[in-house]
1. Take the conditions assigned by TED's automatic domain parsing to the domain that holds residue 123, over 17 Å from residue 145 (Cα atoms) and assigned to a helix (DSSP H, G or I) and apply them to residue 233. Does it pass?
2. Looking at 211, 149, 190, 173, can you tell me which residue is more than 28 Å from residue 54 (Cα to Cα), charged (D, E, K, R) and touching a Lys or Arg at 6+ places or on another chain (Cβ under 9 Å)?
3. Looking at 52, 89, which is the one that is in contact with a Phe, Trp or Tyr (Cβ under 7 Å, 6 or more places away or on another chain) and not assigned by TED's automatic domain parsing to the domain that holds residue 155?
4. Which condition from (1) crowded, with 20+ Cβ neighbours inside 10 Å; (2) among the hydroxyl-bearing types (Ser, Thr, Tyr); (3) under 22 Å from the mean Cα position of the chain (by Cα) is the one that residue 224 breaks?
5. Counting just the residues of the stretch 120-163 that are surrounded by 20 or more Cβ atoms within 10 Å (Cβ to Cβ) and β-branched (Val, Ile, Thr), which one comes out nearest to residue 187 (Cα to Cα)?
6. Say whether the condition of being of a type in the set (S, T, N, Q), assigned by TED's automatic domain parsing to the domain that holds residue 100 and not in a helix (DSSP H, G or I) is met by at least one residue in the stretch 11-21.
7. Of these, 85, 60, which one is loosely packed, with under 15 Cβ neighbours inside 10 Å and more than 17 Å from the chain's Cα centre (by Cα)?
8. Out of all the residues in the stretch 162-169, is one or more of a type in the set (Lys, Arg) and not in a loop (DSSP other than H, G, I, E, B)?
Amino acid sequence: MSVSFVVHPDFEHIKPKLQKAISRFAENEDYIVREGRNTIKKLEIDGEHFTIKKFKTPGLFQGLVYRFLRKSKARRSFEYANRLLDLGINTPFPVCYSEAYSAGLKESYYISRYVNYDFDFRVLNHNPKWPDRDEILRQVAEFTFRLHENNVNFLDHSPGNTLIVDKGDGRFEFYLIDLNRMRFEPMSFEKRMRNFRRLWLSKHMINVMAEIYANLSNNTYELTHSLMTKYSRAFQKKVNAKKVRKRRRNRGNSK
């Protein structure tokens, strides 16, 4: 099995310790995310904390795709994080990535600096009375506008992928995570509005965010609100329909 290991120059001095952390990933019990496709754990090296992510092992065909046709998720996460930081967009600092191949890709890991955030966007979906909720929504709209102006099309722009740090005095910082699905491309206004769809916005949230985005983009509130609502509701309807079909299948299988 061949292994590719790439480390950011700022962390070259701890390269052996990073490689050791990857080789002993299974022994690390400090879980951040245990369930799901990928496993994420917390790591400490020389008093500094990091996040280490092990991506799901691909099947044979997908493993060959990642070796010969497409960059692995770990490599994309590392490279995209560097591009975002160059653009002045916050994301946990990329430390290194590792890929292990045997014919196709077998294992891949991505390590970044740990961000001690206060909450993520999901609390705004679930708690209408969250402190400073409308102000946070306004600043998220501004942040998303800045992404679009920098030609960043974050395909996984969803509630769990924006970490929020409360800086005090009504100021908030936003960090993007789970970066492997991203395009760097000019975006039409329709594509920009479609990019909001995964945030699962309520009517009130759209009212707040559409006003800010309309002002920043020199578009009318009516057009901005209409398109943001159109794509948000279409996405929600699609997801809910899938859930209904899944429940029906499960009931059918249990009979």
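1. When the stated conditions are applied, residue 233 passes them.
2. 211
3. 52
4. (3)
5. 152
6. no
7. Result: 60 is the single residue among 85, 60 that is loosely packed, with under 15 Cβ neighbours inside 10 Å and more than 17 Å from the chain's Cα centre (by Cα).
8. yes
The values are calculated or read from the model by the stated rules, or taken from the named source; none is laboratory data. In this text, all values refer to a predicted model and were calculated from it rather than measured experimentally. A quick note on method: Cβ atoms are made from the backbone with ideal geometry, for glycine too, and the neighbour counts reach across all protein chains shown.
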